[in-house]
Amino acid sequence: MNIELRVNEQDFRLVVEPDERLLDVLRNRLGLIGTKEGCGEGECGACTILMDGKAVNSCLVLAAQAVGHELMTIEGVGDRLHPHPLQKSFVELGAVQCGFCTPGMILSAKALLDRNSQPSEEEIKEAMSGNLCRCTGYDKIVKAVQRAAEEVAR
Amino acid sequence: MNEAVVGTRIEREDGWGKVLGETHFPADVNRPGELYGAVLRSPHAHAHIRSVNVRAAAALPGVVGVFTAENVPHNAHGVLFRDQQVLVSECVRMVGDPIAAVAAETEKIAREAIARVEVDYEILPGLFDPEEAMKPDAPALHPDMHGPSNVLYHLPIRRGDMQAGWTKADVVVEKEYRTQMLDHAFLQPEAVLAYVDERGHLVVKVATQYAHYDRGEIAHALGLKYSQVRVKTMAVGGAFGGREDISLQIIAGLMAWTLRKPIKMENTRTESFLSHSKRHPMRLYYKTGATKDGKLVALEAKIIGDAGAYSSWSPNVVRKAAIHATGPYEIPNVQIDSYAVLTNNPYSGAMRAFGAAQPVLAYESQMDLLAEALGLSPLEMRLRNIFHVGSVTATGQMLTSSVGMAKCLQALTPYLATKGDAS
Ligand code: FES
Ligand code: FES
């Protein structure tokens, strides 16, 4: 089927299978490999992207369901010259280990900061609760989100 | 030594690529014209394979190759003993054993084809209890490679005089402890891209802990020279010991080499759980004696590690469990026996601490119970026995430097006095 997707402020015309997952379209058809697959069943959050600013698991969304929505992947969050405060704080505070959970973590955190720029520690933990980190750097991840919130507030 | 970095935060050089989504894990790389590979795995823990029929799978449009044991030149791999087959020929020893592999134009077709492979299994009773499997009359799971017994490894450690030790003991605590099987569950499921490059070399891109060993295992299984195989380590999405053994490397390499086409493979989470090693479940039988004034005088420990279906690193892991069996405590009279036993459970291998984690449950619980029996605080019980510079371990190693345990416990004393210490 023919669909149009808007990803990272760019429009794409695509031919996809009706049962194709948004995750696969992003990775395989658009080459946006920053979105990861850890479980394929909504448990791990590695595939998190933003849909109209809200964090969703792209492994649970069909590509066709994303039509008409504004999508953002990690590639749209920042680049080397203009990193997002979250990307900076994750690197600076050592919140990155193997890095497989990192894109999803950053997108969940971005969804939070975009609606609540001064989250409490509890609110951060709640917002990130759908993202697993098996390298278990949760403490640093929470601190990195706090640091980014301070920077966003400034 | 440059100590300036200690206590400072160094930015990881791979950090930026990871936060920007640029980093390539093996699932993130592709080659033009690549085929997709999938593996059929056994649902049975112990079975004899009477036959494998791949005709229906091979006939599916889009299937380019179907592989079974007979297509593997040297069908064996393993870090210590090559007791694991690339594709199982006759004897299934655990759930998840690979039996056939398919290369097809798409993932969907590859997985459909796998479902069409017909395997005729003669299901055999499984050995799931390591203590049953140790018995002399238990059927041997690897008679050719490991002989008539399922005891893969036994390390006895003896120090001092047990009888003298028990005579001196005013209290004796005897208990059994058990630890469970654990999966590393690294977040990035195994994936691989294998292809033949412009120089005719087989290239295998993979997330591995052990590129040089993978290279040897691939070369051995395919009958290639080392110089014909390149293993490129991509970003590793967590490992924790679980990427020390071969996963998809040889199967992908075999298909790429035979078909001269790039092969991409990715495990689902379920396949990942089914196929890689686990932390050894251990049974720890402990008998520990101490004098009235809280000095340890004797330890008798029997440790049984469930190696599962293949040896992987089991001898080294249960050896380490034995070496750590006393904990960081001086005990003059020691008798330790540590075993690795083959069963039909998922195979056990390397996982964080490599066998040193399991005995902690036993020796520290023993210390608490002895403290209670003697009316000492758990902290005091430990301070009276802790390793110092000059201590000799159960294996006869004299500790000459860097023994910080006493200092560490002393630093914790104020905290323990208010919160941690029940007494
Ligand atoms: S891959 Fe989507 S939640 Fe795990
Ligand atoms: S950094 Fe490895 S899973 Fe989070």
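The values are calculated or read from the model by the stated rules, or taken from the named source; none is laboratory data. Predicted model, so just to flag it, every value in this text is computed and none were measured. Heads up, the Cβs are rebuilt from the backbone with ideal geometry, glycines too, and the neighbour counts pull from every protein chain shown.
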TODO: Considering only segment A:102-126, state which residues are touching a residue at least 60 places away in the same chain (Cβ under 8 Å) and under 16 Å from residue A:85 (Cβ atoms).
DONE: A:103, A:105, A:108, A:110, A:111, A:114, A:115
Open item on the list: I'd like to know if segment A:139-152 contains one or more residues that are away from ligand 2 (no atom under 12 Å from the Cβ), β-branched (Val, Ile, Thr) and under 20 Å from residue A:82 (Cβ atoms).
Closed with: yes
Open item on the list: Being within 12 Å of ligand 1 (Cβ to nearest atom), outside any loop (DSSP other than H, G, I, E, B) and in contact with a strand residue (DSSP E or B) (Cβ under 9 Å, 6 or more places away or on another chain) is the requirement here; does residue A:25 meet it?
Closed with: no
Task: Count of residues meeting criterion [within 14 Å of another protein chain (Cβ to nearest Cβ) and surrounded by fewer than 21 Cβ atoms within 10 Å (Cβ to Cβ)] in segment B:255-265 - done: 0
Task: Filtered residue count, segment B:164-195, keeping only those that are more than 16 Å from ligand 2 (Cβ to nearest atom) and closer than 30 Å to residue B:349 by Cβ - done: 12
Task: Selection count, segment B:1-52, where residues are small (Gly, Ala, Ser), more than 14 Å from chain A (Cβ to nearest Cβ) and surrounded by 21 or more Cβ atoms within 10 Å (Cβ to Cβ) - done: 4
- [ ] Could you tell me whether any residue of segment B:237-245 is more than 16 Å from ligand 2 (Cβ to nearest atom) and either more than 25 Å from the chain's Cα centre (by Cα) or modelled with pLDDT of 95 or more (or both)?
- [x] yes
Open item on the list: Being within 16 Å of ligand 2 (Cβ to nearest atom), under 14 Å from the mean Cα position of the chain (by Cα) and under 30 Å from residue A:154 (Cβ atoms) is the requirement here; does residue A:38 meet it?
Closed with: no
- [ ] Please work out which residue is surrounded by the fewest Cβ atoms within 10 Å (Cβ to Cβ), limiting yourself to segment A:50-65 and to residues that are in contact with a Gly (Cβ under 8 Å, 6 or more places away or on another chain) and in contact (Cβ under 8 Å) with a residue 60 or more places away in the chain.
- [x] A:55
- [ ] Determine whether segment B:386-404 contains at least one residue that is of a type outside the set (Lys, Arg), assigned to a helix (DSSP H, G or I) and closer than 28 Å to residue B:283 by Cβ.
- [x] no
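Residues are listed down the side, and each one gets a yes or a no for (1) more than 13 Å from the chain's Cα centre (by Cα); (2) farther than 11 Å from residue B:20 by Cα; (3) within 8 Å of chain B (Cβ to nearest Cβ):
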{"position": "A:89", "(1), (2), (3)": "yes, yes, no"}
{"position": "A:98", "(1), (2), (3)": "yes, yes, yes"}
{"position": "A:103", "(1), (2), (3)": "no, no, yes"}
{"position": "A:106", "(1), (2), (3)": "no, no, yes"}
{"position": "A:112", "(1), (2), (3)": "no, yes, no"}
{"position": "A:118", "(1), (2), (3)": "yes, yes, no"}
{"position": "A:121", "(1), (2), (3)": "yes, yes, no"}
{"position": "A:124", "(1), (2), (3)": "yes, yes, no"}
Task: Residue list for segment B:186-209, restricted to those being closer than 17 Å to residue B:312 by Cβ and surrounded by fewer than 20 Cβ atoms within 10 Å (Cβ to Cβ) - done: B:209
- [ ] Within segment B:177-184, identify whether any single residue is in contact with a Gly (Cβ under 7 Å, 6 or more places away or on another chain), within 14 Å of chain A (Cβ to nearest Cβ) and more than 16 Å from ligand 1 (Cβ to nearest atom), and answer yes or no.
- [x] yes
- [ ] Grab the helices (runs of 4 or more DSSP H) fully contained in segment A:42-154, keeping just those with 1 or more residues being outside the structural domain of residue A:25 (by TED's automatic domain parsing), modelled with pLDDT of 95 or more and within 16 Å of ligand 1 (Cβ to nearest atom).
- [x] A:102-115, A:121-127
